[in-house]
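The values are calculated or read from the model by the stated rules, or taken from the named source; none is laboratory data. Keep in mind that this is a model prediction, so the values were computed, not measured. Using ideal geometry, Cβ is built from the backbone for each residue, glycine included, and neighbour counts are taken over all protein chains shown. The accessibility values were calculated without ligands, DNA or RNA, using every heavy atom of the protein model including side chains. Shrake-Rupley method; radii C 1.70, N 1.55, O 1.52, S 1.80 Å.
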Amino acid sequence: MAVDYTTHDGVAVITLNNPPVNGLGLSTRAGIVEGIERAQNDPAIKAIVLTGAGKAFSGGADITEFNTPKATQEPTLATVIKIVEGSAKPVIAAIHSVAMGGGLELALGAHYRVAAPGAQIALPEVKLGILPGAGGTQRLPRAIGLEAALNMIVSGAPVMSEKLADSGLFDELAQGDLAEAALAFARKVGAKEGPHPKVRDRKIEHPNAAGFIQFARNTVAAVAKNFPAPQKCIDAVEAGVQNGFDKGLAFERECFMALVQTPESHALRHAFFGERAASKIPDVPSDTPVRDISQVAVIGAGTMGGGIAMNFINAGIPVTLLETKQDALERGLATIRKNYEATVKKGKLKPEALEQRMALITPTLSYDDLKNADLIVEAVFEELGVKEQVFKRLDEVAKKGAILASNTSTLDVDKIAAFTKRPQDVVGMHFFSPANVMKLLEVVRGKETEKDVLATVMKLARKIRKTAVVSGVCDGFIGNRMIEQYIRQALFMLEEGALPAQVDRAIEKFGFAMGPFRMSDLAGNDIGWAIRKRRYQEHPDMHYSKIADRLCETGRFGQKTGGGWYDYKAGDRTAYPSKVVDDMIVAFSKETNSERRKISDEEIVERLVFALVNEGAKILEEGIASKASDIDMVYLTGYGFPLYRGGPMLYADTVGLYNVERAIRRYAARPNGDAWELAPSIAELAAKGRGFTG
Ligand code: T1G
């Protein structure tokens, strides 16, 4: 049973014991009920303490049970809370570390709450696309007031227990040992005559509840464009304010059952688990010993190197920053300082913290200064010959056991590892620009990369607040290999009849942060041009539209040259459709005898997104990525894929692989159809009525 029951001089202690965070799974829920009933029937027991073992009071409903029969099997959490609240003997919730979601709702059902400082108190359900489904929208406003409760429920953000000391939520904030404080409090109230106070009986006092609720609605509307849950949170709280506790509770249940079925909630839960699953590498045991990383070196102080260095100093890890020339080193340091100054200006960093961070950087022009580094990340020019020089030099100076990482985004990590006598210590750490901002980190596993190197880098990624996803070695790893097919389709569609603004508008309406042409103008069209030139050498048979080359031949590299697919005005990053470019595209279609036709937004979205899905399926088939959710995490954290759709692979499951297969076969039979080679796994899964994500 995931619950322990002990007695202490007239006080029963029910301890949740369901690691890792005392998720309120079915056996835990049943154990609580059993404990409450056992205490009722024991005349020696005067009061009951409810507490959590390990690292949480409770992290809420066990989300691994979601959309399974257990989630709604009695005793449901609502039933458990009703039984707790209905206990004739006082129930005291003793809260430490984490009381979230259903965990906080359970505590609100108790008659009293004693908390330790430093506990995270939250109703984060909205972040999973749902709302508190066990009375949180009704009890929290009665416990801490309408405004504070609405803020917590709609934001889902945790509040530290000490900040809620005077909120009415806790009867005591334990300064010393929580268990002792809770037992003493229990003896005190256990000696009192009932009935004991119930949060549900408190009133919600507010001078202008309707006005505040309307204000909350307006505030939420702006940020919750594609997510239904925040407004529903407000609806449920409002129902309780207007119609009383019981009606409010019933309405809350209705809203919960509706939201838990929505694609948005499915996407958010998929992302929640995907983020955690990404750090698990199938053949690397979770208890693999990791190497100590106390000192890092970064080679290259350019845009990438500087951003990479910032990640480590932000986590308090000293960095030796190596450049080849003094002026480049100084420019790099100046850029890092400028980035921090901007953060200070926004009030997100104290000036003294800026200096502390800058002090963690040791600039140098000498490789000898890298000899004590535990991890060395190179971010030098993306050319194999340059990498060869760097890694041969590292092999000479780096200490035994140092991890040698390459930030390469396109080169073969196995070839780079072979430049050293220690390929087992070489790994790819592909940061995304701007490296100090983008959450995604592709960890590229060479065929000889040691398991403890991977385990070390995955743990370090968490410390520098990155979402790390392991990729095998292939051209473009996961993200760029897929985006290449996406861009291929975008270029073909220009030849076939679309224009850049239409393609961008369609995919941005689908939810992408930025369409392919605005994105290319921002990153620089010359980057794609260089990759295509290499591609034409390596795969002369691969069919590309040459329309982007034509654009680059005119020097239109994007924002940095004042014009690309779009026109730009000095000092203005707005992308203005360009008549020159649109005319060039139409002329190009004529040149290539491509009969232009009207292309629907639906076709644009299908061809762009299914190009990602099809390549993602091949990446899974080849074992480059170990799970579909890893691919989705890459796209959610590195490529602006809309969170409310959960990533390309989950989106394909939402559409149904049967329909994805039919669409791909349809496009394969059309002009430029040779770019579509259906991934076998799509047809196989579709035939079984299954999806990528189960
Ligand atoms: N259920 C099951 N497992 C959970 C869990 C949960 N609620 N929360 C975390 N885990 C797992 C997680 O997958 C990971 O597993 C391990 O615990 C450590 O998590 C009716 C219906 C609690 C602050 O949204 O915010 O209640 O990878 O790495 O950084 O209204 O986890 O080790 O196998 O994040 O110390 C609402 C979500 C549920 C809380 C701990 N509750 N969790 O953070 O560790 S809905 C939440 C968190 C609900 C009711 C509704 C965090 C944490 P593994 P971790 P952490």
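For the chain, which whole-number percentage of the solvent-accessible area (1.4 Å probe, protein heavy atoms only) is attributable to carbon and sulfur atoms? Intermediate results must be reported in sequence, preceding the final value.
On the way: 16250 of 29940 Å².
Solvent-exposed carbon and sulfur of the chain make up 54 percent of the total.
Show me 100-109, 659-668, 353-362, 135-144 ranked by packing, highest mean number of other Cβ atoms within 10 Å first.
Values: 100-109: 28.7, 659-668: 18.0, 353-362: 15.1, 135-144: 26.8.
Order by mean packing, descending: 100-109, 135-144, 659-668, 353-362.
Any idea what the alpha-carbon Rg over 2.2 N^0.38 Å comes to for segment 509-624? Walk me through the numbers on the way to the answer.
Working: Rg = 15.9 Å, N = 116, 2.2 N^0.38 = 13.4 Å.
Normalised Rg, Cα atoms only: 1.18.
Rounded to whole Hz and in sequence order, give me ³J(HN,Hα) for segment 261-273 from the Karplus expression 6.51 cos²θ - 1.76 cosθ + 1.60, θ = phi - 60°, writing x for Gly and Pro.
8, 6, x, 5, 5, 4, 5, 5, 5, 4, 5, 4, 6
Please state the Cα pair-distance histogram of segment 3-260 with 10 angstrom bins from zero: what percent is in each bin?
Answer for segment 3-260: a P(r) of 8, 33, 37, 18, 4, 0 percent.
Could you grab the relative contact order for segment 611-654? Cα pairs under 8 Å, six or more apart, rounded to a whole percent.
Numbers: 35 pairs, mean separation 15.8, N = 44.
Result for segment 611-654 is 36 percent.
For residue 44 and residue 576 in the same chain, what is the full-extension length gain: residue separation times 0.36 nm, less their Cα-Cα distance, in nm?
Values: separation 532, 0.36 × 532 = 191.52 nm, distance 7.89 nm.
Value of the extension gain: 183.6 nm.
With the calculation restricted to Cα positions, what are the radius of gyration and Dmax of segment 566-617 in angstrom?
Values for segment 566-617 (Cα only, Rg and Dmax): 15.4, 42 Å.
Determine the dipole magnitude for segment 546-694: charges of +1 sit on the beta-carbon of Lys and Arg, -1 on that of Asp and Glu, nothing else is charged, the reference point is the Cα centre, and the result goes in debye to the nearest 20. Walk me through the numbers before you get to the answer.
Working: 21 positive and 22 negative charges, 61 e Å.
Once rounded to the nearest 20, the dipole reads 300 debye.
Amide H of residue 693: which non-local residues (sequence gap of 5 or more, or other chain) have their own amide H closer than 5 Å, using H built in the peptide plane?
Close amide H contacts, sequence-distant or interchain: none at all.
Across the chain, what fraction of all alpha-carbon pairs, as a whole percent, falls in each successive 20 Å bin from zero upward?
Whole-percent P(r) values from 0 Å outward: 16, 41, 34, 9, 0.
Give me the Kirkwood hydrodynamic radius of segment 296-471, using the inverse of the mean 1/r over all pairs of distinct Cα atoms, in Å to one decimal. Working shown, then result.
Working: mean 1/r = 0.0623 Å⁻¹.
When all Cα pairs of segment 296-471 are included, the Kirkwood radius is 16.1 Å.
Quick check: convex hull of the Cα atoms in segment 469-576, volume per residue, rounded to a whole Å³? Please list the in-between numbers first.
Values: hull volume 12.7 nm³, N = 108.
Cα-based convex hull of segment 469-576, divided per residue, equals 118 Å³.
With viscosity set to 0.692 mPa s at 37 °C, what whole-number translational diffusion coefficient in µm²/s follows for segment 479-687 from Stokes-Einstein and a Kirkwood radius over Cα pairs? Provide the component values of the computation, followed by the final result.
Numbers: Rh = 17.5 Å.
D = 187 µm²/s.
Any idea which of 625, 209, 334 is furthest toward the positive side of the dipole for the chain, if Lys and Arg beta-carbons carry +1 and Asp and Glu beta-carbons -1?
Selected residue: 209.
Toward the positive end of the charge dipole of the chain, about the Cα centre and with charges on Cβ (Lys, Arg +1; Asp, Glu -1), which of 427, 407, 586 goes farthest?
Going by the Cα projections, it comes out as 586.
With every protein chain kept in place and ligands, DNA and RNA left out, what is the accessible area per residue of segment 576-694? Probe 1.4 Å, answer in Å². Display every interim value, and only then the final one.
Numbers: 5160 Å² over 119 residues.
Solvent-accessible surface per residue comes out at 43 Å².
Normalised by the residues of the chain, what does the relative contact order come to in percent, with Cα pairs under 8 Å and at least six apart? Intermediate values should be presented prior to the final figure.
On the way: 1307 pairs, mean separation 60.6, N = 694.
Computed value for the chain: 9 percent relative contact order.
Please report the projected area of segment 142-255's Cα convex hull averaged over all directions, in nm². Mind showing how you got there, number by number?
Values: hull surface 35.9 nm².
Mean shadow area of the hull around the Cα atoms is 9.0 nm².
Find which of 79, 660, 460 sits farthest along the positive direction of the dipole of the chain, computed with +1 on the beta-carbon of Lys and Arg, -1 on that of Asp and Glu, about the Cα centre.
Going by the charge dipole, the pick is 79.
Please determine, in degrees from 0 to 90 and to the nearest 10, the orientation of helix 500-510 with respect to the longest principal axis defined by the Cα atoms of the chain, where the helix direction is its Cα long axis.
Computed tilt is about 20 degrees.
Taking amide H positions as placed in the peptide plane 1.01 Å from N, state which residues far from residue 429 in sequence (5 or more) or on other chains have amide H under 5 Å from it.
Residues meeting the amide H criterion: 406, 407, 408, 444.
Relative to the Cα centre, what is the charge dipole magnitude of the chain, using +1 at the beta carbon of each Lys and Arg, -1 at the beta carbon of each Asp and Glu, and rounding to the nearest 20 debye?
Dipole magnitude for the chain comes out near 760 debye.
Sorting check: for 146-157, 69-80, 217-228, which peptide has the highest mean count of neighbouring beta carbons within 10 Å, and how do the rest follow? Walk me through the intermediate numbers first.
Details: 146-157: 20.7, 69-80: 16.1, 217-228: 13.8.
Listed from highest to lowest mean packing, they are 146-157, 69-80, 217-228.
In what sequence, highest mean first, do 321-329, 497-505 appear when ranked by Cβ atoms within 10 angstrom? Provide the component values of the computation, followed by the final result.
Working: 321-329: 15.8, 497-505: 21.4.
Highest to lowest by the protection proxy: 497-505, 321-329.
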